[in-house]
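Any read-out appearing in this document is the output of simple, stated calculations on the displayed coordinates, not a laboratory observation. Bear in mind that the values here come from a model prediction, so they are computed numbers and not experimental data. Here Cβ is always computed from backbone atoms with ideal geometry, including for glycine, and neighbour counts include all displayed protein chains.
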Amino acid sequence: MTQISEAQFRQAMGQFATGVTIVTCANAQARPVAMTVNSFTSVSANPPLILWCVNKTILPFPAFHEAAHFAIHVLHAGQQDMSNHFAVDREDKFSGIDYTDGIGAVPTLKDFLALYQCETHARFDAGDHVIIVGRVLSCELRDGQPLLFHGGGYRELAATPA
Ligand SMILES: Cc1cc2nc3c(=O)[nH]c(=O)nc-3n(C[C@H](O)[C@H](O)[C@H](O)COP(=O)(O)O)c2cc1C
């Protein structure tokens with residue numbers, strides 16, 4: 001069996017280009033919680049299921065692990081500051097951030113390319129992460145280009161040469 005280091009694994013996975021999302025929920029004290037996530041993917045069309053993975057060691061883990069509802073905001077090109085804002089530990093991630101209460105009192109951000117409001121459908125333990133499967137209850141889509149993440153940095157779409 002081949003053994004690879006964590007650093008090699010991270011570098012290899014970085015070759016898989018993804019979009020960037022902000023996932024939000026309300027914690028047990030009804031406080032808004034958010035984090036940047038690129039492990040998001042669609043799972044099932046009928047019923048409409050998506051998944052994402054949350055690191056067990058981070059501050060927002062208990063809130064997301066217990067949440068009955070959460071929201072996924074797909075970021076548009078130019079929102080890398082938003083992505084960085086919600087990717088680091090800070091006292092109040094929502095200070096100066098405009099949001100409203102969505103389904104299940106989950107904070108929903110104003111600016112996004114797509115918004116999926118979900119109820120938690122299942123959770124699976126997976127190494128140092130937990131896979132969270134959500135059932136999509138509502139979708140909102142806007143025109144625009146996505147923010148991408150590849151090789152540890154942000155990217156934007158370029159059209160394939162004809
Ligand atoms: C582009 C990007 C994608 C990320 N994707 C994930 C992810 O899928 N799952 C995860 O647990 N953390 C992911 N993170 C890291 C979390 O955003 C970060 O650990 C979390 O916001 C830290 O919260 P805390 O500082 O309050 O503990 C990602 C960070 C970035 C910049």
Open item on the list: Suppose the chain between Cys139 and Leu59 were pulled fully straight at 0.36 nm per residue; how much longer would it get relative to their current alpha carbon spacing?
Closed with: 26.0 nm
TODO: Net charge near Val130: determine it from the other residues with C-beta under 10 Å of the C-beta of Val130, scoring Lys and Arg +1 and Asp and Glu -1.
DONE: 0
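Using only helices, what value at 222 nm comes out for the chain when you add -39,500 (n - 2.57) per DSSP H run of length 4 or more and divide by the total residues, to the nearest 500 deg cm²/dmol? Could you put the intermediate results ahead of the total?
On the way: 3 runs with 20 residues, N = 162.
When only DSSP H runs of four or more count, the value is -3000 deg cm²/dmol.
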Open item on the list: Under a crude label model (7 Å from the Cα following the beta-carbon direction), how far is Lys110 from Ser95 in nanometres?
Closed with: 2.0 nm
TODO: Take the Cα coordinates of region 6-152, assign each an equal point scatterer, and use the Debye formula without solvent to give log10 I(q)/I(0) at q = 0.19, 0.22 Å⁻¹.
DONE: -1.26, -1.70
Open item on the list: Output wanted: per-residue J couplings in Hz (rounded whole) for region 138-150, from phi through Karplus 6.51 cos²θ - 1.76 cosθ + 1.60, θ = phi - 60°, x for Gly and Pro.
Closed with: 7, 10, 9, 10, 10, 6, x, 9, x, 7, 10, 10, 7
- [ ] Compute the separation of the alpha-carbon centres of region 67-116 and region 1-31 and state it in Å as a whole number.
- [x] 17 Å
- [ ] Among the trypsin sites (Lys or Arg not before Pro) in region 78-162, which ones are in a DSSP loop with at most 16 other Cβ atoms within 10 Å of the Cβ? Mind listing them?
- [x] Arg90, Lys110, Arg142
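On a full-extension model of 0.36 nm per residue, what is the gain between Ser39 and Asn84, subtracting their alpha-carbon distance, rounded to one decimal in nm?
Computed gain between Ser39 and Asn84 is 14.6 nm.
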Open item on the list: Using a Debye calculation, one point per C-alpha and no hydration shell, please list log10 I(q)/I(0) for region 31-97 at q = 0.25, 0.26 Å⁻¹ in order.
Closed with: -1.35, -1.41
Task: Relative contact order (percent, whole number), the chain, Cα cutoff 8 Å, 6+ residue spacing - done: 27 percent
TODO: Work out, step by step, the length gained on full extension between Ala159 and Gln11: first 0.36 nm times the residue separation, then minus their alpha carbon distance; give nm to one decimal.
DONE: 50.7 nm
